[in-house]
Amino acid sequence: MGETMQIRARGIRTTVAALAAVAGVAAVAVPAAAATAPASDTPRFLEPAELPPHPTSPWYAGPVTAGQPDPLPVCVGEALPSIATHRSYGTEFDTNAQQITVVERTEQRAKDFAALLRKDIAGCAEKLMEQDPDLTATQKSYGRLNVEEGAHVYGLHAASAWGSSDIGLFSVGRDGRTVTVVLWGQMGNFQHAQVADFKKTTVTAVNKLY
């Protein structure tokens, strides 16, 4: 486990391995300084069993934590405000996930924020390759889900010159003033993306917001 994490950490700033590495570490050990969000003040988050099933491992979850994830996740991290709340998940192997939720002051602000996140994801592959010439990134849009005010699902594959290959799925959903982002990542390519299961997870996440 330690050797795998060290190898994948070399590309943490630019590849989908950032998602897998961050989510995996956070799910196992949340920093002592992290503030656990009061349950009464935050939307409900996904439970481990509601994530895309792993063939050989259960999912484990960290606490619901106030603030931005640290490090910030790839593609959506730069847009996240300090009022975000997040929860990280991991399996016993290389599959990891994260949910990040933001409650805005108005529905229009939430609508604009969701649009910004979708724009950042849409341009993520190109941006990653600009940051790292040794990286090849490809992305797909898996369309809109009809849940509450809607959710959009995306896929991103990143392969490095030194041989790493990571696949990530992203979704952005909104219910009124609340926006949630769900991220799932593992080693592999688009053939390994659990798109149908991830769509079910996204619908569940948006339905649980309030």
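The values are calculated or read from the model by the stated rules, or taken from the named source; none is laboratory data. Remember, it's a predicted structure, so these values are computed and weren't measured experimentally. All Cβ positions, glycine included, derive from the backbone under ideal geometry; neighbour counts span all protein chains shown. The protein model used for the area step is the full one, side chains on, heavy atoms only, and it has no ligands, DNA or RNA in it. Shrake-Rupley method; radii C 1.70, N 1.55, O 1.52, S 1.80 Å.
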Quick one: in the stretch 44-88, which of the residues that are closer than 28 Å to Asp132 by Cα and of a type in the set (Ser, Thr, Tyr) is least open to solvent (accessible area, probe 1.4 Å)?
Ser88
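Name the single residue that is farthest from Val153 (Cα to Cα) among those in the stretch 96-126 being among the basic types (Lys, Arg) and either touching a residue at least 24 places away in the same chain (Cβ under 8 Å) or open to solvent by less than 60 Å² (accessible area, probe 1.4 Å) (or both).
Taking the stretch 96-126 and keeping what is among the basic types (Lys, Arg), we get 105, 109, 111, 118-119.
The next check asks that each one be either touching a residue at least 24 places away in the same chain (Cβ under 8 Å) or open to solvent by less than 60 Å² (accessible area, probe 1.4 Å) (or both); those that pass are 105, 109, 111, 118.
Working: Arg105: 25, Arg109: 21, Lys111: 16, Arg118: 9 Å.
Filtering the stretch 96-126 for residues that are among the basic types (Lys, Arg) and either touching a residue at least 24 places away in the same chain (Cβ under 8 Å) or open to solvent by less than 60 Å² (accessible area, probe 1.4 Å) (or both), the one farthest from Val153 (Cα to Cα) comes out as Arg105.
Has the stretch 157-166 got any residue that is surrounded by fewer than 15 Cβ atoms within 10 Å (Cβ to Cβ), polar (S, T, N, Q) and in contact (Cβ under 8 Å) with a residue 40 or more places away in the chain?
Applying the first criterion (surrounded by fewer than 15 Cβ atoms within 10 Å (Cβ to Cβ)) to the stretch 157-166 yields 161-163.
Applying the additional criterion that residues be polar (S, T, N, Q) yields none.
Among the residues of the stretch 157-166, not one is surrounded by fewer than 15 Cβ atoms within 10 Å (Cβ to Cβ), polar (S, T, N, Q) and in contact (Cβ under 8 Å) with a residue 40 or more places away in the chain, which makes the answer no.
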Apart from one, (1) open to solvent by 60 Å² or more (accessible area, probe 1.4 Å); (2) touching a residue at least 40 places away in the same chain (Cβ under 8 Å); (3) of a type in the set (A, V, I, L, M, F, W, C) all hold for Met129; the odd one out is (2)
Pick from the stretch 167-192, criterion open to solvent by 20 Å² or more (accessible area, probe 1.4 Å) and outside any helix (DSSP H, G or I), ranking: nearest to His157 (Cα to Cα)
Asn189
Which residue, of Val203, Val147, is over 17 Å from Cys75 (Cα atoms) and open to solvent by 40 Å² or more (accessible area, probe 1.4 Å)?
Val203
